[in-house]
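Engineer: Handing you a structure now.
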Amino acid sequence: MIEEGSQFPSFSLPDANGDIVTLESLKGSKVVVYFYPKDDTSGCTVEACEFRDALPDISGATVVGVSPDDSKSHRKFSDKYNLNFTLLADSGHILCDAVGVWVEKSMYGKKYMGVERTTVLLDEQGMVFKVFNKVKPQGHAEEVKEALLKAGR
């Protein structure tokens, strides 16, 4: 799992429009990178909509959601809920692996690999200054907002 004080891994991933987004392109502003399991599921929708609603209060920070879903799924999810931030398709879970959020999970006794809901806050140079592990979707955007304010960011 990525740690506070470390450099966030470089990446090059498509957004909901198929345009490539890189870590380099995000440098220069604070970044909230939140990893979530799947588009248009209950918890992921709560989390996305809370970030959408909180975005005006998270001034100066760029919010980016990352999941293994493809760009087409992200476009549909973004349009359905009028999301006002970027969703990145990590279909090969390259970034999820690099950050340490692609983990073994278990449901009804069946083991499988998936994303552990995690949020990472980056400074303007791409350095990690806060990590939220095993995030609960309800109220999480408020936690992020408070962490940004507390850090003076």
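Rundown of residues vs (1) β-branched (Val, Ile, Thr); (2) more than 15 Å from the chain's Cα centre (by Cα); (3) part of a helix (DSSP H, G or I); (4) modelled with pLDDT of 95 or more, yes/no style:
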residue: Val63; (1), (2), (3), (4): yes, no, no, yes
residue: Val66; (1), (2), (3), (4): yes, no, no, yes
residue: Asp97; (1), (2), (3), (4): no, no, yes, yes
residue: Leu121; (1), (2), (3), (4): no, no, no, yes
residue: Lys145; (1), (2), (3), (4): no, no, yes, no
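Engineer: Let me ask you something else. Out of all the residues in the range 17-32, is one or more touching a Gly at 6+ places or on another chain (Cβ under 8 Å) and polar (S, T, N, Q)?
Structural biologist: Checked the range 17-32: at least one residue is touching a Gly at 6+ places or on another chain (Cβ under 8 Å) and polar (S, T, N, Q).
Engineer: Only one residue in Val135, Val120, Val63, Val144 is closer than 16 Å to Asp15 by Cβ, open to solvent by less than 60 Å² (accessible area, probe 1.4 Å) and either in contact (Cβ under 8 Å) with a residue 12 or more places away in the chain or among the aromatic types (Phe, Trp, Tyr) (or both). Which one? Let's see the steps before the verdict.
Structural biologist: Values: Val135 fails: closer than 16 Å to Asp15 by Cβ; Val120 fails: closer than 16 Å to Asp15 by Cβ; Val144 fails: closer than 16 Å to Asp15 by Cβ.
Exactly one residue qualifies, and that residue is Val63.
Engineer: Would you mind stating whether Asp19 is over 13 Å from the mean Cα position of the chain (by Cα), more than 20 Å from Val135 (Cα to Cα) and surrounded by 15 or more Cβ atoms within 10 Å (Cβ to Cβ)?
Structural biologist: Working: over 13 Å from the mean Cα position of the chain (by Cα): yes; more than 20 Å from Val135 (Cα to Cα): yes; surrounded by 15 or more Cβ atoms within 10 Å (Cβ to Cβ): no.
Here the answer is no, as Asp19 does not meet what is asked.
Engineer: Taking the range 22-44, which residues are more than 13 Å from the chain's Cα centre (by Cα), under 18 Å from Val135 (Cα atoms) and free of Cβ contacts under 8 Å to residues at least 60 places away in the same chain?
Structural biologist: If the condition is that a residue be more than 13 Å from the chain's Cα centre (by Cα), under 18 Å from Val135 (Cα atoms) and free of Cβ contacts under 8 Å to residues at least 60 places away in the same chain, then Asp40, Thr41, Ser42 are the ones that fit.
Engineer: Among the residues of the range 92-115, count how many are open to solvent by less than 40 Å² (accessible area, probe 1.4 Å) and touching a residue at least 40 places away in the same chain (Cβ under 8 Å).
Structural biologist: Qualifying residue count for the region: 7.
Engineer: Additional query: Could you please find all residues in the range 33-60 being loosely packed, with under 15 Cβ neighbours inside 10 Å, closer than 23 Å to Leu122 by Cβ and out of contact with any strand residue (DSSP E or B) (no Cβ under 9 Å at 6 or more places or on another chain)?
Structural biologist: Correct list: Asp53, Pro56, Asp57, Ser59.
Engineer: Right, next: Of the numbered conditions (1) more than 13 Å from Tyr34 (Cβ to Cβ); (2) open to solvent by 10 Å² or more (accessible area, probe 1.4 Å); (3) touching a Ser or Thr at 6+ places or on another chain (Cβ under 9 Å), Phe77 fails exactly one; give the number of that condition.
Structural biologist: The single condition Phe77 does not satisfy is (2).
Engineer: Going by the conditions given, is Ser25 buried (at least 18 other Cβ atoms within 10 Å of the Cβ), among the polar types (S, T, N, Q) and not in a loop (DSSP other than H, G, I, E, B)?
Structural biologist: On the way: buried (at least 18 other Cβ atoms within 10 Å of the Cβ): no; among the polar types (S, T, N, Q): yes; not in a loop (DSSP other than H, G, I, E, B): yes.
In short, no.
The values are calculated or read from the model by the stated rules, or taken from the named source; none is laboratory data. Everything numeric here is computed off the predicted structure, so don't read it as measured data. A quick note on method: Cβ atoms are made from the backbone with ideal geometry, for glycine too, and the neighbour counts reach across all protein chains shown. Just so you know, the surface numbers come from the protein's heavy atoms only, side chains and all, with ligands and any DNA or RNA stripped out. Shrake-Rupley method; radii C 1.70, N 1.55, O 1.52, S 1.80 Å.
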